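Notes to accompany the following structure.
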Amino acid sequence: MVEKNKNVLTMGEDGKEKITDGVDLRKRELFKIFGKTSVAVGTLALIESCTRKPQPEKLLPYLEFPETTIPGIPYWFATTCSGCPASCGILVKVEDLIPRKIEGNPDNPLSRGKTCARGQAIIHQLFSPDRIKKPRLKKADGNFEEIDIQSAVKLLTERLKSANPEKVFIFTGNITGKTEKFYLDFASKIGIPEENIIRWESFSFAPLRKATKIVFGKESVPVFRIDKADLLISFGADFLDTGPSTVLYSRWFAKFHSVNEENNSKGKFIYISPRRNLTGLNADRWIKVKPGGEIRFAISLLNKLIEKGAVKHKDIAEKFRTYFPEKVEELTGVPEKYIDLLVEEIKNSKNPLIFPPYFGDENSTSLATICLIINYLLGAVDKIVLEGFEYTKLSTPKDIKEFVRKVREQKVDVLLIHAYDPVFTIPKFIGFEESLKLIPFVVSFSYHEDETSQFAHLVIPDYHQLEKWGDAEIIKGLVSFCQPVISPLYPDTKQTEDVLIEVANLVKEGAFQVSSFKDYIRAEYGFSDEDWVKALEKGGIFSVDPENISGSGEISLQPAEQIKDAIRVMNSQSAHSDGSAIIVYPSYHLYDGRMANSPWIQEFFDVSTRLAWRNALEVNPKTAEKLGLKNADIVEITYDGKKIELPVITYYGIAEGVYAISLGRGHKNYGRFATGRGVNPLEIIPESFDESGEISFIYYGFEIRKTGKRLKRLPTNEGVPRQLGRDIAQFTTLSILPKLDAKKKFRELEEIMKKKFPRGDWEKYGRDSAKPNKYRWKMVIDLDKCIGCSACTIACQIENNLPFVGEEEVIRGREMTWVRVERYFFTSDELLRNLSGDNHKGHSEPSKNGETDPDKVVFVPMMCQQCEYAPCEYVCPVYATMHTSDGLNAQVYNRCVGTRFCANNCPYKVRYFNWHDYFKNVPEPLNMAFNPSVTVRSKGVMEKCTFCIQRIKYAEHDAKIEGRDIRDGEVVPACAQVCPADAITFGNIKDENSAVSKARKSKRINWVLKELGTEPSITYLEKVFIDELDKKFEEKEV
Amino acid sequence: MREKQNIIAHKILAVFSFTLFVLAGIIYAADKDNAKARDIKKVKEKEFDFWKAVFREIPFPEKPPQPIKFPHNKHIALGIDCKFCHYYAEKSKYAGVPSVSVCLGCHRYVASVMNSPEVQKIFKYAEEGKPIPWVKVHDLPDFVRFTHKIHVNRGIDCKECHGDVAQMDTAQRVAPLTMGWCLDCHRKKNASTECFACHY
């Protein structure tokens, strides 16, 4: 039985009042006594619950109708995302005045209607139960006292009035557009020097910025037009995970890397790094280079290119020839032949592009410099847009160290912090935390409980991004506005910029002509009323589209000698000849940790390790075997007396002898969901800076010790990372692709069906038998486009009210993800061995001895296949799951009695059971984000993907009222909507011209486990590998 | 011998528990019904039906007491259309309950009933800035996704589910709002009878 969720579905129309169910408790008590004395206790409980009559609910109308909204109808407001500094344009669905779901803004050229996983989850931050609701003042005994907003502003004003403005410092995030101008204005009006504004983001892209300065004379985080390339070589740049714009690069990557069936061609992507993150997992070849060896690899590559005459500017090229280190193979761990092969590939390709790293070890500036030189010499500068992302003014950790020195010299009196938790994100060796204790007055403007606010003397809580006004201009000319989509949840919070305006006006009369930040922005852009409304509706001013920009051919190189002087190769690796190193890397979904306060993000299975709720020490399985480590063993990592303890996870995407830990976890104070989850490696890392001032992300000289403790199991959703002969991850190769035939595949499927229904009347049982319908919903997933980012998972969770279950339940394997992205590894050898015939699959069992690590990866988004002949339907004793006439496999929650027969009979493992009332995990006010169009399931109910039936029904009703059919593209399920790579197509196959009908004509069409005769509604387009590339690499190795 | 005794003991226990369970069910349902009868004026006195109680044929009061004794009949007699107050019915899944401001929109100027104690209540709610806590008369379970929009736009008259409101003072439920009742109509009008039509 589905229990009523009062907080969600019976919400008064004002969206605030909640009524509780008034069950007559006395009677229940009586029954309990009866029950204890009788064996019929279960039966009694049943009859009790069946006869329990619900009490009438209240119906609370508005006091006054808001003119612009109608309850029950979703409205979309354009604003800007805060999941990372990339500032994508988003649309927020507001239903009954409450934000419910986030989608990308289709008008915004950066996001084009898509978001990443982080963008989906910022709605949880808005409703986080651990937001700071009132300003706080630290008392003499160190405890906080809550004060109201007016007295907080007054206190700040007094402090700023008496302080020497030269000694006032401001920490901000990456501020752009008119927001940047505002902070500069504020500083100048109070007399704070401009350099006292420190822009702190955990990832400053400083090495790349410095390298562009060295090579092209201009500091920039360039836009790399990877969509224009046909060969992409990345030196550890994770542009799909945490680059300057994940969504933009995901879209371009899919465009560059997906196969063109007509030309039988596909972009080649080669990834050079000791570890593979999401970006690396998408590579066609992964070149495992020793940590610290990347720079030597790059120098060798440059020299070989010049030597073999593969470069365009030969005269300039000659000047870079002197750099050829001996013993390349020994220093980089890569066979020298690989470099020859790379040179050959570059020579053969028309549009090669080398992607320099955003950060890395202490040589990363030099590495980026060499990458840019290679790009210049190859003539790839037309794909490098120096008018790039506006990250160029970010402070580096070295700048923070300078700030800490100033604090020690008592040059800082007041510090205003309006950035994401610097105490957490700044490495401990810098000593920022200690320095905060020395500053006489620290003000934190955090909207959420965090570590920094604990050190503050005054906390003035900010609005959340979705309650704010503002703007962002991440690429010059591409302005995205922020507007509030809900009135502030807590009356004693205030937008920081508004506080600053008020303070500035009090400190210096008439400092600002305006009284609010909204007016400031509007005045700065000089909008008329009409234009302002139009711009807000659209989401911004988009005078630049990244699709249309390209690097000018006139980019000139700085003098070669000057560049040569700038390249330095540090040798910290040689001190640790065994090459073992710890890599610290930013995690895709947590970014620098700011997303950790969303429980759904906590339960997000990491794109590379598949781990939720905690981080672990990643080890190659072979290294683990050598060291006697097993999954879930807890180890202790010591560096210089500092220790962290964490479990071990084996992972194929990491080179032998290398370890890795993700960033963004180990919060000491970031709300109930993040605090104490995992560890923060920034606490133990030693001091080491790159030339640009960025810290090194690779460390040597640590100690790993087994503690003897073990976790019961790791909270992961991965069983085995290999296919083990099953036919789930479907792939083909470029050489086989022309031989494939869609019609043949359909015939094969028909054969299977005929075998299953030998009497020949199989058509009668399934398709169209019940009731003819003009719709038949089908989905096509292009595995070649899918980059495995799992944004679909979280979009689905938010759209369909999926609960989070907690770490304990994940360990029991009870996670709830209607769409999960499965990831399968196999070896190049397996791929090549099965090339005979066109029906090769990862069937063959790999030989155990001398096997190379599997390096081929296929991501498979796995959701309910909506089988035409669904095995779950046959076994349900109560008809809770059955087929609808439009081809869906319906799951009726109120009919479900929880036998779980269906889940056991489902070959795809896509049915999820509510073992508990998981929705009760969701505290107030986090439950406000639930979708009122979908039932909240309670204990004992099976659930699964419904193809977003609520969206289908909504469109169907509209179409019926207007007397037409549903148009193609009118129904888009949440997963297809969010996919930044556009891998999912959904639609009606009875419409010949629909996108899905066209996609089903692809040669690569296939079905997962089709031999079972379920005839899934979801067709997968096989991933295409470039076997020619693999052959070359594998052959030469022998 | 021991086994036999055991079996007998089990049998006695089973019979005892079954009697207990039937008795309990009857007592419980009857008591609940009586309690309800005390405060609700029934349209039609019904015989208590155990099975109907079990299968929720009698969900909850058909005419619950409301905070304001709103006379639908008087308003309709004045020629006010349903959609004048419930004005989302055509556009949204909710029909909408009018806000206090809508009530005041007229009642501020209607001098004839200005002093009636019930009308005075509206002014009181408006003054206090509180919504009127109406009691839901037509309440579907939360696993039903009912939409007014499609029903009203496809020509279903309000009367078909809500009864002849013109004859009622405060709203009164006339339809049982059970699934069988929904399906009867869906079959008659050739609407979808698939589970996914309402349950998702």
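The values are calculated or read from the model by the stated rules, or taken from the named source; none is laboratory data. Remember, predicted model here, so these are calculated numbers, not experimental data. FYI the Cβ positions are ideal-geometry reconstructions off the backbone, even for glycines, and counts take in every protein chain you see. Ligands, DNA and RNA are stripped out before the accessible areas are found, and what is left, the full protein with its side chains, is counted by its heavy atoms. Shrake-Rupley method; radii C 1.70, N 1.55, O 1.52, S 1.80 Å.
Would you mind getting the accessible area per residue of the range A:218-390, heavy atoms of the protein chains only, 1.4 Å probe, in Å²?
Heavy-atom accessible area per residue stands at 27 Å².
Tell me the net charge near A:Arg964. Cut-off is 13 Å between Cβ atoms, A:Arg964 excluded, with +1 for each Lys or Arg and -1 for each Asp or Glu.
Numbers: positive: A:Lys774, A:Lys960, A:Arg967; negative: A:Glu956, A:Asp958, A:Glu962, A:Asp965, A:Asp968, A:Glu970, A:Asp991.
Residues near A:Arg964 contribute -4 overall.
So which GluC sites (Glu not before Pro) in the range A:196-271 pass both tests, a DSSP loop state and at most 13 other Cβ atoms within 10 Å of the Cβ? Please report the intermediate quantities before stating the final value.
Values: sites: A:Glu201, A:Glu219, A:Glu261, A:Glu262; in loops: A:Glu201, A:Glu219, A:Glu261, A:Glu262.
Answer in residue order: A:Glu262.
Ignore the peptide's own chain and count Cβ atoms of other chains within 10 Å of each Cβ in B:128-134; give me the average, rounded. Intermediate values should be presented prior to the final figure.
On the way: counts 1, 1, 3, 11, 5, 7, 7.
The mean count of partner-chain Cβ atoms within 10 Å per residue comes to 5.
By how many nm would the segment from A:Asp529 to A:Trp76 grow when fully extended, if each residue of separation counts as 0.36 nm and the alpha-carbon distance is taken off? Working shown, then result.
Details: separation 453, 0.36 × 453 = 163.08 nm, distance 2.03 nm.
Once the chain is fully extended between A:Asp529 and A:Trp76, it gains 161.0 nm.
Ranked by accessible surface with a 1.4 Å probe, highest first, in what order do A:Trp469, A:Trp777 come? Mind showing how you got there, number by number?
On the way: A:Trp469 55, A:Trp777 10 Å².
From most exposed to least exposed: A:Trp469, A:Trp777.
Can you tell me the relative contact order of chain A? Whole percent, Cα pairs under 8 Å, sequence separation 6 or more.
15 percent
Suppose only helical runs count, i.e. DSSP H with n ≥ 4. What mean residue ellipticity at 222 nm does that imply for chain A under -39500 (n - 2.57) per run, divided by all residues and rounded to the nearest 500 deg cm²/dmol?
Numbers: 36 runs with 308 residues, N = 1038.
Helix-only estimate at 222 nm: -8000 deg cm²/dmol.
At A:Lys393 and A:Ser349, where each label point lies 7 Å from the Cα along Cα→Cβ, what is the point-to-point distance in nanometres?
3.6 nm
State whether the range A:940-1027 is rounded, prolate or oblate according to the following rule on the C-alpha gyration tensor (a ≥ b ≥ c being the square roots of its eigenvalues): a/c under 1.5 gives rounded; otherwise a/b larger than b/c gives prolate, and the remaining case gives oblate. Can you show the working numbers first?
Values: a/c = 1.90, a/b = 1.44, b/c = 1.32.
Prolate, because a/c is 1.5 or more and a/b exceeds b/c.
Of all trypsin sites (Lys or Arg not before Pro) in the range A:633-674, which ones are in loop regions per DSSP and have a Cβ with at most 16 other Cβ atoms within 10 Å?
Values: sites: A:Lys642, A:Lys643, A:Arg665, A:Lys668, A:Arg672; in loops: A:Arg665, A:Lys668.
Taking the range A:633-674 and a limit of 16 other Cβ atoms within 10 Å, the loop trypsin sites (Lys or Arg not before Pro) found are A:Lys668.
Amide H of A:His448: which non-local residues (sequence gap of 5 or more, or other chain) have their own amide H closer than 5 Å, using H built in the peptide plane?
A:Ile132
Please compare each pair in A:Lys213/A:Lys856; A:Lys337/A:Lys564; A:Lys266/A:Lys304; A:Lys114/A:Lys939; A:Lys756/A:Lys1001; A:Lys139/A:Lys643 to a cut-off of 30 Å on the Cα-Cα distance and tell me which ones are over it.
Numbers: A:Lys213/A:Lys856 37 Å; A:Lys337/A:Lys564 26 Å; A:Lys266/A:Lys304 25 Å; A:Lys114/A:Lys939 33 Å; A:Lys756/A:Lys1001 25 Å; A:Lys139/A:Lys643 33 Å.
Too far apart for the 30 Å limit: A:Lys213/A:Lys856; A:Lys114/A:Lys939; A:Lys139/A:Lys643.
For A:Leu1009 and A:Asp640, calculate 0.36 nm times their separation in residues minus their Cα-Cα distance, and state this gained length in nm to one decimal.
Numbers: separation 369, 0.36 × 369 = 132.84 nm, distance 5.28 nm.
Roughly 127.6 nm would be gained on extension.
Run the accessible area of chain A with a 1.4 Å probe and give the carbon-and-sulfur part as a rounded percent. Intermediate results must be reported in sequence, preceding the final value.
On the way: 18070 of 36560 Å².
Roughly 49 percent, rounded to a whole number.
Among the lysines, which have Cα under 21 Å from the Cα of A:Lys755 when same-chain residues fewer than 8 positions away are ignored?
Correct list for A:Lys755: A:Lys743, A:Lys744, A:Lys745, A:Lys764, A:Lys1010.
If amide hydrogens are placed 1.01 Å from N in the peptide plane, which non-local residues have theirs closer than 5 Å to the one on A:Arg823?
So A:Arg823 has HN proximity to A:Val860.
Mind grabbing the interface size between B and A? I mean buried accessible area, both sides, 1.4 Å probe, in Å² to the nearest hundred.
Working: alone 15310 and 39460 Å², together 48870 Å².
Using a 1.4 Å probe, the pair buries roughly 5900 Å².
Less than 15 Å Cβ to Cβ from A:Lys314, Lys/Arg counted +1 and Asp/Glu -1: what total charge do the surrounding residues give? Show your work: numbers first, answer last.
Numbers: positive: A:Lys304, A:Lys308, A:Lys312, A:Lys319, A:Arg321, A:Lys347; negative: A:Glu307, A:Asp315, A:Glu318.
That sum, taken over residues with Cβ under 15 Å, equals +3.
Quick one: what are the phi-derived ³J(HN,Hα) couplings along the range A:172-182, Karplus 6.51/-1.76/1.60 with θ = phi - 60°, whole Hz, x for glycine and proline?
10, x, 7, 9, 9, x, 6, 5, 4, 4, 4
List nothing, just return the count: lysine pairs in the range A:404-524, 8 or more apart or interchain, with Cα separation under 24 Å.
13
At 1.4 Å probe size, with every protein chain present, just tell me what the per residue accessible area of the range A:731-1027 comes to in Å². Spell out each step's value before the answer.
Working: 10480 Å² over 297 residues.
Value for the range A:731-1027: 35 Å² per residue.
Hey, with R₀ at 51 Å, roughly what FRET efficiency would B:Ala77 and A:Glu924 work out to, going by the Cβ-Cβ distance, to 0.05? Don't jump to the answer; show the numbers that get you there.
Values: r = 44 Å, r/R0 = 0.87.
After rounding, the FRET efficiency stands at 0.70.
Taking H placed 1.01 Å from N in the peptide plane, check which residues at least 5 places from A:Ile474 or on another chain put their amide H under 5 Å from its amide H.
Long-range HN contacts for A:Ile474: A:Ser480.
Got a sec? Which residues in the range B:133-151 would a label at B:Trp181 touch, if it sits 7 Å along Cα→Cβ and we count backbone N under 19 Å?
B:135-149, B:151
Under 1.5 on a/c is rounded, so check that first for the range A:594-652, then, if it is not, pick prolate when a/b is larger than b/c and oblate when it is not; a ≥ b ≥ c are the square roots of the alpha carbon gyration tensor eigenvalues. Intermediate values should be presented prior to the final figure.
Details: a/c = 2.86, a/b = 1.40, b/c = 2.04.
Taking the square roots of the gyration eigenvalues as a ≥ b ≥ c, the range A:594-652 is oblate.
Can you give the FRET efficiency for A:Leu438 and A:Ser515, using 1/(1 + (r/R0)^6), R0 = 30 Å, r = Cβ-Cβ distance, to the nearest 0.05? Spell out each step's value before the answer.
Numbers: r = 35 Å, r/R0 = 1.18.
The formula returns an efficiency of 0.25 here.
Which whole-number percent is the relative contact order of the range A:344-471 (Cα, under 8 Å, 6+ apart)?
Details: 124 pairs, mean separation 20.4, N = 128.
Computed over the range A:344-471, the figure is 16 percent.
Using a Förster distance of 41 Å, how high is the FRET efficiency between A:Phe689 and A:Glu145, based on the Cβ-Cβ distance and rounded to 0.05? Intermediate results must be reported in sequence, preceding the final value.
Values: r = 40 Å, r/R0 = 0.98.
The formula returns an efficiency of 0.55 here.
Share of antiparallel DSSP beta bridges in the protein assembly as shown, in percent to the nearest 5?
Values: 71 of 113 bridges.
About 65 percent, rounded to the nearest 5.
Residue by residue through the range A:685-696, what is 3J(HN,Hα) from phi via Karplus (6.51 cos²θ - 1.76 cosθ + 1.60, θ = phi - 60°)? Round to whole Hz and write x for glycine and proline.
5, x, 6, 7, 10, 7, 4, 7, x, 7, 6, 7
Counting other C-beta atoms within 10 Å, and keeping those with at most 11, which DSSP coil trypsin sites (Lys or Arg not before Pro) do you find in the range A:459-541? Could you put the intermediate results ahead of the total?
Details: sites: A:Lys468, A:Lys476, A:Lys494, A:Lys508, A:Lys518, A:Arg522, A:Lys534, A:Lys538; in loops: A:Lys468, A:Lys476, A:Lys494, A:Lys508.
Answer by residue number: there is no such site.
Projected onto the charge dipole of chain A (+1 at Lys/Arg Cβ, -1 at Asp/Glu Cβ, origin at the Cα centre), which of A:Leu59, A:Ser556, A:Pro427 gives the Cα projection farthest towards the positive end?
The Cα lying farthest towards the positive end belongs to A:Leu59.
Taking the simple approach of a point 7 Å from Cα along Cα-to-Cβ for both B:Lys11 and A:Ile704, what is their distance in nm?
Going by the 7 Å Cα→Cβ label model, 7.0 nm.
When a/c reaches 1.5 or more, the comparison of a/b and b/c decides; with that in mind, is the range A:572-710 rounded, prolate or oblate per its Cα gyration tensor? Present the calculation step by step, with values, prior to reporting the outcome.
On the way: a/c = 1.65, a/b = 1.23, b/c = 1.34.
Note, shape of the range A:572-710 comes out oblate.
Lys and Arg at +1, Asp and Glu at -1: add these up for the other residues within a Cβ distance under 13 Å of A:Gly641 and post the number. Each step should come with its number before you reach the end.
Numbers: positive: A:Lys428, A:Lys642, A:Lys643; negative: A:Glu636, A:Asp640, A:Glu683, A:Glu703.
After counting each charged neighbour, the total is -1.
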